[in-house]
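This report concerns only the one structure given below.
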Amino acid sequence: MFACFRRDSVKKRSMGNEASQFIEVVVDTVKETGSTVVDETSNILDKCTSAVEESIVPTLTTAVEAMGSSSTKYEHEQEGFQPDLERSPSYFRSIEHGKSTWIGNNLSSLNRLDSALSEVRVCQKNAEGIGRTLQANFLSWAETCNVKDYIGFTDLHTLVDKIGDEYGDKKREIQQKLRGIQFCKELDVKVFEFTFGEDFCSGQIQFGMIAISTSGIQLEAVSCLYQLDFTLAPVKVTKETKKYFLGLEIGSSTSTWHEGAQLGHVTQRELLNFCRYKALREFQNKHLVTSINSVPSLEYV
């Protein structure tokens with residue numbers, strides 16, 4: 001019996017010193033106590049198996065990994081939509097009446113506004129090129145043109161407050177500029193041009209003109225505002241990783257995130273020129289301006 005166990009210990013020694021040492025201890029114990037080997041057989045085999053597995057498993061794991069492989073695939077999906085840049089902006093026109101009983105027709109302000117808008121220089125060729133570039137991007141895009149007539153005012157401060165109400169958070173800046181008006185004669189017209197948000201980070205660009213005319217104590221005005229609200233749609237990136245063993249797929253994982261988009265080589269100056277051209281074209285369609293002063297290049301704008 002004991003000799004048999006010693007032969008077993010010799011065979012297991014090649015699987016690891018720990019297993020053989022354990023068997024020798026058990027055999028010696030059996031000799032000393034006279035216990036039956038049969039009762040200890042199951043426990044001995046379990047210990048031997050555990051010791052062997054601890055030494056072999058890392059080796060097997062390394063071998064399995066060596067026989068395995070993986071692949072990674074990236075997908076880029078542009079969100080948002082491609083706007084129709086040839087579509088006319090949303091157009092609104094309204095009239096604000098003051099408290100004066102005198103009824104004017106606002107023709108002096110409108111005529112002077114027409115003249116001033118006709119002098120604004122834009123490069124149509126560049127604007128159309130930028131339009132094609134923008135068309136290739138996916139954007140959140142909203143254009144509006146708001147025109148408002150002010151008739152029957154006698155107090156400049158009140159008129160300026162009313163005009164400023166149309167410009168939201170730019171109200172104070174507009175009012176400060178308009179309050180500096182000094183009419184030089186009984187019949188005079190003042191025109192103000194302004195632009196806000198001349199960069200991509202703002203997400204909003206405003207271009208417009210305000211004409212205020214006086215005839216004696218009577219004041220009239222007209223405000224034309226083009227506003228563009230836009231954001232570049234993000235790019236959704238999906239990463240998929242698959243693991244294989246002996247050519248068979250054994251697992252996969254997927255992760256997604258969003259990356260910001262860019263307009264490429266569109267400059268602030270080009271975008272502003274584009275907005276001015278769009279605004280003037282719409283004002284022309286609504287008969288607020290007779291002609292558009294188009295120049296051959298941005299150098300003349």
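Points to keep in mind about this one:
- Unique match (being part of a strand (DSSP E or B) and modelled with pLDDT of 80 or more) among T158, T214: T214
- Residues located in region 155-169, provided they are in contact (Cβ under 8 Å) with a residue 24 or more places away in the chain and either surrounded by 15 or more Cβ atoms within 10 Å (Cβ to Cβ) or not assigned by TED's automatic domain parsing to the domain that holds I217 (or both): L156, L159, K162, I163, E166, Y167
- Qualifying residue in region 248-261 (condition: in contact with a helix residue (DSSP H, G or I) (Cβ under 8 Å, 6 or more places away or on another chain), surrounded by fewer than 21 Cβ atoms within 10 Å (Cβ to Cβ) and at pLDDT below 90): no
- Enumeration of residues in region 275-293 that are surrounded by fewer than 16 Cβ atoms within 10 Å (Cβ to Cβ) and either touching a residue at least 12 places away in the same chain (Cβ under 8 Å) or within 30 Å of the chain's Cα centre (by Cα) (or both): N285, K286, T290, S291, N293
- Residue in region 109-128 that is among the β-branched types (V, I, T) and under 25 Å from G197 (Cβ atoms) present: yes
- Failed item in (1) farther than 24 Å from K190 by Cα; (2) at pLDDT 80 or above; (3) part of a strand (DSSP E or B), with S140 passing the rest: (2)
- Residues of region 90-137 classified as touching a Phe, Trp or Tyr at 6+ places or on another chain (Cβ under 7 Å), surrounded by fewer than 18 Cβ atoms within 10 Å (Cβ to Cβ) and outside any loop (DSSP other than H, G, I, E, B), total: 4
- Within region 71-89, the set of residues being polar (S, T, N, Q), part of a strand (DSSP E or B) and modelled with pLDDT under 90 comprises just one member, Q78.
The values are calculated or read from the model by the stated rules, or taken from the named source; none is laboratory data. What you are looking at is a predicted structure, and each value in this text was computed from that prediction instead of being measured. Glycine also receives a Cβ, built like all others from the backbone with ideal geometry; neighbour counts cover every protein chain displayed.
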